[in-house]
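Structure record follows, encoded as structure tokens.
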Amino acid sequence: MNFIKTDIEGVVIVEPKVFYDARGYFCETYKADEFQEKVCKFDFVQENENKSSYGVLRGIHFQKPPYTQAKLARVSDGAVLDVAVDCRKGSPSFGKWCAVELSSENHRQLFLPRGVAHAMLCLSETCVFHYKVDNYYAPQSEGYIAWDDPFLNIDWRIPVDDIILSEKDRSHKGFKEQEFPFTFDVKYK
């Protein structure tokens, strides 16, 4: 596997080696020992999957303590724009975002450490999105950032009129209007 650092400390693009032949392909999507050596220790306890259609934006979400979550996201069908927003006080990239296209064609994955908010936007006709987490989902601990926050100014790469939101994701506070309960106290390779 190839591990690529991003502009946000601890957010890592994971590129598995893909072996193609006449039958199709094979790749390892996760190896604990290699991941621990190159990124960090990540003991996932739950894996989630969603199917979305073009323009569906899910996020920008995070889990507050004590239910904070690290995530490892990938796509098995279609393509998404996967977005990470650093909410960790003291981080050199606090308030910054990065976006990576994950697709069934490029096989890329994105690792997001605890304290980094997350969103995904379906870029293809449909997509199937998976993510492993290292803590259980707790609805009472969920936090949100406005997807269209002018401070973040995220380039979603599709026309705004094409974005489809759940009722829950329609109106949230912007980044600067929030007091985040995360600190940058974990060092990543």
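The values are calculated or read from the model by the stated rules, or taken from the named source; none is laboratory data. This is a predicted model, so every value here is computed, not measured. So basically every Cβ, Gly included, is an ideal-geometry build from the backbone, and we count neighbours across all protein chains shown.
When the residues of the range 8-31 are filtered to those that are charged (D, E, K, R) and surrounded by 14 or more Cβ atoms within 10 Å (Cβ to Cβ), the one that is farthest from Asp134 (Cα to Cα) is Glu15. Selection of first residues in the range 31-46 that are among the hydrophobic types (A, V, I, L, M, F, W, C) and of second residues that are assigned to a helix (DSSP H, G or I) and surrounded by 16 or more Cβ atoms within 10 Å (Cβ to Cβ), restricted to Cβ pairs under 9 Å at least 6 apart or on distinct chains, gives the following pairs, ordered by first then second residue: Phe42/Phe35.
Going through (1) exposed (fewer than 12 other Cβ atoms within 10 Å of the Cβ); (2) over 13 Å from Val128 (Cα atoms) one by one, Glu34 falls short only on (1).
Of all residues in the range 38-52, one or more are buried (at least 18 other Cβ atoms within 10 Å of the Cβ) and modelled with pLDDT of 95 or more. Scan the range 161-173 and give yes if some residue there is touching a Leu at 6+ places or on another chain (Cβ under 7 Å), within 16 Å of Ala84 (Cβ to Cβ) and either exposed (fewer than 14 other Cβ atoms within 10 Å of the Cβ) or not small (Gly, Ala, Ser) (or both), otherwise no. No, there is no match, as no residue in the range 161-173 is touching a Leu at 6+ places or on another chain (Cβ under 7 Å), within 16 Å of Ala84 (Cβ to Cβ) and either exposed (fewer than 14 other Cβ atoms within 10 Å of the Cβ) or not small (Gly, Ala, Ser) (or both). Return yes when Val85 is over 15 Å from Phe182 (Cα atoms), of a type in the set (A, V, I, L, M) and either at pLDDT 95 or above or part of a loop (DSSP other than H, G, I, E, B) (or both) and no when it is not. When the stated conditions are applied, Val85 does not pass them. Across the range 93-122, the number of residues qualifying as over 15 Å from the mean Cα position of the chain (by Cα) and either crowded, with 16+ Cβ neighbours inside 10 Å or modelled with pLDDT under 95 (or both) comes to 2.
For the range 126-141, indicate whether the set of residues that are in contact with a helix residue (DSSP H, G or I) (Cβ under 7 Å, 6 or more places away or on another chain), surrounded by fewer than 16 Cβ atoms within 10 Å (Cβ to Cβ), aromatic (Phe, Trp, Tyr) and over 22 Å from Asn2 (Cβ atoms) is non-empty.
First, pick out the residues of the range 126-141 that are in contact with a helix residue (DSSP H, G or I) (Cβ under 7 Å, 6 or more places away or on another chain): none.
Within the range 126-141 (the criterion being in contact with a helix residue (DSSP H, G or I) (Cβ under 7 Å, 6 or more places away or on another chain), surrounded by fewer than 16 Cβ atoms within 10 Å (Cβ to Cβ), aromatic (Phe, Trp, Tyr) and over 22 Å from Asn2 (Cβ atoms)), the answer is no, since none of the residues qualifies.
Note on the range 88-108: residues that are part of a strand (DSSP E or B) and basic (Lys, Arg) total 2.
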